[in-house]
Amino acid sequence: MEKIILTEKNFNHLKEMVKKNKDKEIIFSSQDDELNRKAMEKLEISGILISLSGRKDYMKQRNSGFNQVMARVAKKKGIFVVFDFNELVNSKEKSRILSRLKQNIFLCNKYDVGLKLINYENKNVYDLKSLFLVLGLKTSLVKKL
């Protein structure tokens, strides 16, 4: 099945694009957390690409773009979370991205949400799986990467 990544800021335009591409595996990406949640709840998408860079953390918590409400919706609708490995490689704030990723992995483990990886730089798959094991991903989810 062909995969397509949609990035849209307007929900109505996004809804039209999803209808046009029904036969493809749709992965949605946006910087707006409310739009991400709305797309997960209302549209037939396969995955959600959550950008971990360019976010501002709060005083006492991280802003990882993924929370327990979104995790419950993802589990209920069979939506997987997508992580772009190049975002980590090309970032200047690797420690913050790793901590946000670790928080998202914790939520994926707790609610048994699938996790997928975009690997444009053709890194060794076993190295990436071992990274996710070190960050705390369950072995049952690592096998599906």
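The values are calculated or read from the model by the stated rules, or taken from the named source; none is laboratory data. Quick caveat, the model's predicted, so the values are computed rather than measured. Cβ atoms come from the backbone with ideal geometry, glycine included; neighbour counts cover every protein chain shown.
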Under 8 Å between Cβ atoms, which residue pairs at least 6 apart in sequence (or on different chains) link something in the range 29-55 that is without any contact (Cβ under 8 Å) to a residue 24 or more places away in the chain with a partner that is buried (at least 17 other Cβ atoms within 10 Å of the Cβ)? Ser30/Glu8; Ser30/Asn36; Ser30/Ala39; Gln31/Ser51
Lys19 - would you say it is over 26 Å from Ser130 (Cα atoms), of a type in the set (D, E, K, R) and assigned to a helix (DSSP H, G or I)? yes
Go through the range 84-114 and give me each residue that's of a type in the set (Ser, Thr, Tyr) and not in a helix (DSSP H, G or I). Ser91
Taking the range 83-92 and keeping residues loosely packed, with under 14 Cβ neighbours inside 10 Å and modelled with pLDDT under 90 leaves Asn86, Val89, Asn90
Is there any pair with a first residue in the range 86-106 that is within 10 Å of Leu135 (Cβ to Cβ) and aromatic (Phe, Trp, Tyr) and a second that is assigned to a loop (DSSP other than H, G, I, E, B) and modelled with pLDDT of 90 or more whose Cβ atoms are under 8 Å apart and which are 6 or more apart or on different chains, and what are they? Phe106/Gly136
Filter the range 20-38 for residues that are aliphatic (A, V, I, L, M) and either within 20 Å of Glu2 (Cα to Cα) or at pLDDT 95 or above (or both) and give the result. Ile26, Ile27
From the set of residues in the range 24-83 that are of a type in the set (D, E, K, R), over 17 Å from Leu101 (Cβ atoms) and in a loop (DSSP other than H, G, I, E, B), which is farthest from the chain's Cα centre (by Cα)? Lys60
Every residue from the range 115-145 that is within 16 Å of the chain's Cα centre (by Cα) and over 15 Å from Leu101 (Cβ atoms): Tyr120, Lys144
Where the second residue is assigned to a helix (DSSP H, G or I) and surrounded by fewer than 11 Cβ atoms within 10 Å (Cβ to Cβ) and the first is on the phi < 0 side of the Ramachandran plot and lies in the range 121-144, which pairs have Cβ atoms under 9 Å and are six or more apart or on separate chains? Leu133/Thr139
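Matching residues to (1) modelled with pLDDT under 90; (2) more than 15 Å from Leu145 (Cβ to Cβ); (3) touching a helix residue (DSSP H, G or I) at 6+ places or on another chain (Cβ under 8 Å); (4) surrounded by 12 or more Cβ atoms within 10 Å (Cβ to Cβ):
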residue: Met40; (1), (2), (3), (4): no, yes, yes, yes
residue: Gln68; (1), (2), (3), (4): no, yes, yes, no
residue: Phe80; (1), (2), (3), (4): no, no, yes, yes
residue: Lys94; (1), (2), (3), (4): no, yes, yes, yes
residue: Leu98; (1), (2), (3), (4): no, yes, yes, yes
residue: Cys108; (1), (2), (3), (4): no, no, yes, yes
residue: Ile118; (1), (2), (3), (4): yes, no, yes, yes
Quick one: in the range 1-19, of everything that is over 16 Å from the mean Cα position of the chain (by Cα) and hydrophobic (A, V, I, L, M, F, W, C), which residue is surrounded by the fewest Cβ atoms within 10 Å (Cβ to Cβ)? Met1
